[in-house]
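Laboratory data are not the source of any read-out in this text; all were calculated from the coordinates shown. Since this is a predicted model, take the numbers as computed values, not measurements. Positions of Cβ are backbone-derived with ideal geometry, glycine not excepted, and every protein chain shown enters the neighbour counts.
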Amino acid sequence: MEDAAKTTQDYIFYLQLEKELPMFFINLAEQLLIYGISLIPVQLKEFDKISTQGKREHVMTIIQDMQTFLEFRDVRNKFFDFGILQKKYCYYDITSFENASSKYQMTHGKSYFHFRLPLKVSDIARDISHMYLNEKRKAELWPGGNKVRLPFDLKRLG
């Protein structure tokens with residue numbers, strides 16, 4: 001039972017745009033698991049149905065060919081970029097193509113991260129896990145700041 005409690009709850013959705021998972025996905029999933037992050041493949045139609053329940057989802061794509069790039073560009077123009085701009089998604093774009101057209105707006109909000117291939121899988125996994133875990137740590141911080149400290153010693157008064 002303790003083993004079930006120790007299992008990771010950290011995950012990133014991988015939008016599967018191809019019929020089969022690419023080898024790059026398998027290698028990246030293994031590397032991210034070292035940092036305690038699971039990479040969950042989902043089809044685009046399934047991702048549309050996933051309820052976020054007000055939680056910001058982390059999403060990744062790996063685009064290595066022109067056909068996939070053109071198909072996903074249409075999806076991005078229809079609804080995906082809006083979700084990124086609204087900070088509904090934190091998007092990791094791993095591609096051999098140029099980054100998004102509205103890159104400035106998205107990176108300014110820390111919702112879009114572009115990784116231009118070719119890169120080592122271990123470097124990509126390290127950078128993604130660093131960004132993911134930093135965001136998770138910031139979300140867990142107490143929003144009220146530090147405890148108030150009095151300018152005098154209370155022991156002298158008591």
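Values computed for the structure shown
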read-out: Long-range HN-HN contacts of Met60 with modeled amide H, under 5 Å; value: Phe13, Tyr14, Leu15, Tyr92
read-out: Long-range amide H partners of Ser38 with built H, under 5 Å; value: Asp10, Tyr11, Ile12
read-out: Shape metrics for the stretch 22-137, restricted to C-alpha atoms - Rg then Dmax, Å; value: 13.6, 37
read-out: Loop-resident sites, the stretch 16-46, for GluC sites (Glu not before Pro), counting at most 16 other Cβ within 10 Å (DSSP); value: Glu18, Glu20
read-out: Computed E for Tyr35/Phe69 - FRET, C-beta separation, R0 22 angstrom, nearest 0.05; value: 0.20
read-out: Residue pairs, from the table Lys55/Lys120; Lys55/Lys78; Lys19/Lys87, whose Cα atoms sit over 24 Å apart; value: Lys55/Lys120; Lys19/Lys87
read-out: Backbone HN-Hα couplings from phi across the stretch 20-25 [Karplus 6.51/-1.76/1.60, Hz, Gly and Pro as x]; value: 10, 5, x, 4, 4, 4
read-out: Potential extension, Lys138-Glu98 segment - 0.36 nm per residue separation minus Cα distance; value: 11.4 nm
